[in-house]
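Student: What follows is a single structure, and I will ask about it in a moment.
Read-outs throughout are calculated quantities, based only on the coordinates presented, and are distinct from any laboratory measurement. This structure is a prediction, so every number in the text was calculated from the model and none was measured. Note that each Cβ is placed from the backbone with ideal geometry, even for glycine, and that neighbours are counted across all protein chains shown.
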Amino acid sequence: MDARSALTTEARNVLALARKDRRAATEALASLSLPAQVAVVCEAPVRDRSLLLELSPNPESLIPLLPEAEFCFTLKAVGLTDASWMIAYASSSQIVAGVDLDAWSGLLPDLDALEPWIATLAEAGEPALLRGSRSLDAEMLVRYLRERITVLLDPRDDDWQAPPGAQTLDGQFYFVATRENDDIAHIVRLFDVLFREDYWLYYRLMQGSI
């Protein structure tokens, strides 16, 4: 028997509790196995799923188990800018599925649509930012970075000076916003976590952006 069909009544009961007694709903969810919790969330209307996930006693275990399509539907209902708490627990494949759905136009990346994804990954915390950057297409990330920043390699010439406002993490690569007064704080967070946790990817992105 299909789990979602079998748990329709249970899902309705938990959702009804969530709307009037959050504590009771949390207890009801906690009494279910993780697969049953996934079924309850997927059975619920997309507009109500974030409420169930918020009431889950273990969202860090529940969210990564959501099927990729269901995760994307839920994310759309919540809105990306309000979903950093969900993305903090999302798996690599869920992140890639969400970006693939939002940030590609035919065979080319939609860099404007990718921007809020990078910002939300940065807001979701270092583990999510690292997981997402390692999973996303490196060429897409390089295209995005080229739109937002200018990267320069120190030529080790005594007369060379980095442009005003340029930042560096290693004294080798310098980067500055391409557009004046552009906020690139989330790009700085991306470079910072990669420099510490995945220097090879940091190096590839810097070299690719030059």
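Student: Based on Cβ point charges of +1 for Lys and Arg and -1 for Asp and Glu, what charge dipole magnitude is obtained for the chain about its Cα centre, in debye rounded to the nearest 20? Mind showing how you got there, number by number?
Tutor: Details: 19 positive and 32 negative charges, 166 e Å.
Using Cβ point charges on Lys, Arg, Asp and Glu, the chain gives about 800 debye.
Student: Which order, highest average first, do 48-58, 134-144 follow once you tally other Cβ atoms within 10 Å for each residue and take the mean per peptide?
Tutor: 48-58, 134-144
Student: From the phi of every residue in the stretch 167-172, what ³J(HN,Hα) in whole Hz does the Karplus formula 6.51 cos²θ - 1.76 cosθ + 1.60 yield, where θ is phi - 60° and glycine or proline is x?
Tutor: For the stretch 167-172, the Karplus-derived couplings read 10, 8, 9, 10, x, 10 Hz, x marking Gly and Pro.
Student: If the convex hull of the alpha-carbon atoms of the stretch 5-120 is projected onto planes in all directions, what is the mean projected area in square nanometres?
Tutor: Across all orientations, the stretch 5-120 yields a mean hull projection of 7.3 nm².
Student: For every helix of n ≥ 4 consecutive DSSP H residues, a contribution of -39,500 (n - 2.57) applies; sum these over the chain, divide by its total residues, and give [θ] at 222 nm rounded to the nearest 500 deg cm²/dmol. Mind showing how you got there, number by number?
Tutor: Values: 14 runs with 135 residues, N = 210.
When only DSSP H runs of four or more count, the value is -18500 deg cm²/dmol.
Student: If you don't mind, there's one more thing I want to ask. Expressed as a rounded percentage, what relative contact order does the stretch 99-148 have, with Cα pairs under 8 Å and six or more residues apart? Can you show the working numbers first?
Tutor: Numbers: 23 pairs, mean separation 14.2, N = 50.
Reported relative contact order: 28 percent.
Student: In whole angstrom, note down how far apart the Cα centers of the stretch 112-155 and the stretch 162-194 are.
Tutor: 12 Å
Student: In percent, how large is the relative contact order of the stretch 110-208, given Cα pairs closer than 8 Å and 6 or more residues apart?
Tutor: Values: 84 pairs, mean separation 30.4, N = 99.
For the stretch 110-208, the relative contact order is 31 percent.
Student: Moving on. What order do you get for 11-21, 105-115 when each peptide is scored by the mean count of other beta carbon atoms within 10 Å, highest first?
Tutor: Working: 11-21: 15.9, 105-115: 13.1.
With the highest mean Cβ count within 10 Å placed first, the list reads 11-21, 105-115.
Student: Using all C-alpha to C-alpha distances in the chain, build P(r) with 5 Å bins and read off the rounded percent in each one.
Tutor: 1, 7, 14, 16, 15, 12, 9, 8, 6, 5, 3, 2, 1, 0, 0
Student: Given contacts defined as C-alpha pairs under 8 Å and at least six residues apart, what's the relative contact order of the chain, whole-number percent? Please list the in-between numbers first.
Tutor: Details: 233 pairs, mean separation 29.6, N = 210.
Answer for the chain is 14 percent.
Student: May I pose another question? Compute the FRET efficiency between residue 12 and residue 91 as 1/(1 + (r/R0)^6), taking r as their Cβ-Cβ distance and R0 = 41 Å, and round to the nearest 0.05. Don't skip to the answer; put the middle values down first.
Tutor: On the way: r = 28 Å, r/R0 = 0.68.
Efficiency at R0 = 41 Å is approximately 0.90.
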